[in-house]
Amino acid sequence: MSKSDDVSESESAYDPTSLEGVPEAGRARLEQNKQGLFTSDLSVNEFLLIKQAGFDPLGLVVGSSIYHIGIQISGWKKSQEMTVLSEAMYGARQLAMTRMEEEADQLGADGVVGVRLDIGRYEWGQDMAEFIAIGTAVKHRDGVMHRAPNGRPFTSDLSGQDFWTLLRTGHRPVGMVMGSCVYHVAHRGMMQSMAQTGRNVELSNFTQALYDARELAMGRMQSEAQEIGAEGIVGVDLQETSHGWGSHTIEFFAVGTAIVPREGHDEKIEAPTPVLDLS
């Protein structure tokens, strides 16, 4: 599921000078960051390791999109992807990510580390959800370019420790990649349920439906990585959530950090150091 397929051209356009939708308080926050005061959601250990890797934190950056999620009807006995819902979930996350990256560009960042994607729902809109992307913008202090091939700041959901380890082994992140699939799992018929009562038997229709949905999400994530020329994806997380659509409609969401080799750096993997936990 490429962004061009699911989000309109106006929504997907990236503008490094844009502050669209950022309130006055948010713009004032970014101005304070530009003057040298950084904010960060990194732990102390993550902060120190990112500094040791040659990067300085510039500020916390945020992207938000409150999205109306459309309606799609599926047959009781039919397993199928709910494409309207898949496109909404994917497009809303992309909008939030784009706005977070645009805030990072305002700070002159090379990338955003420790990115997390959250979804919030509110009582005043059962068919609405807020999609939030948040992370810490960073810049290499020696001016080494670490941006993504498309010119945007790189994004990564790796921890500070994993980010430091990745750089030491001759690789770097180029961007978070993701794939979404909302799938309706067909119900079992009454006769089928009765025939399987008390038996050890595979529920093949459920197995196949969930298998198909996971593969669609994983495949779309991998396609995104190929589009940006990644060597591979690390830290993949495959999530399953119903989002209140009912027990038979599930979103499978795959997300990870796409990486490439660092130019001019040989791959050097040091031997692990055993640690004994005394707690």
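Observations, loosely collected:
- Subtracting the Cα-Cα distance of residue 268 and residue 165 from their residue separation scaled by 0.36 nm leaves 36.0 nm.
- For the listed peptides 176-183, 22-29, 211-218, a ranking on the average number of other beta carbons within 10 Å per residue, highest first, reads 176-183, 211-218, 22-29.
- Full extension of the chain segment joining residue 28 with residue 83 gains 15.9 nm, where the gain is 0.36 nm per residue of separation less the Cα-Cα distance.
- In this simple spin-label model, placing a label point 7 Å from the Cα along the Cα-to-Cβ direction at both residue 140 and residue 118 gives a separation of 3.2 nm.
Computed from the coordinates by the stated procedures, all read-outs in this text should not be read as laboratory data. Predicted, not measured: the structure shown is a model, and the values here were computed from it. Reconstructed Cβ throughout: ideal geometry from the backbone, glycine too, with neighbour counts over all protein chains shown.
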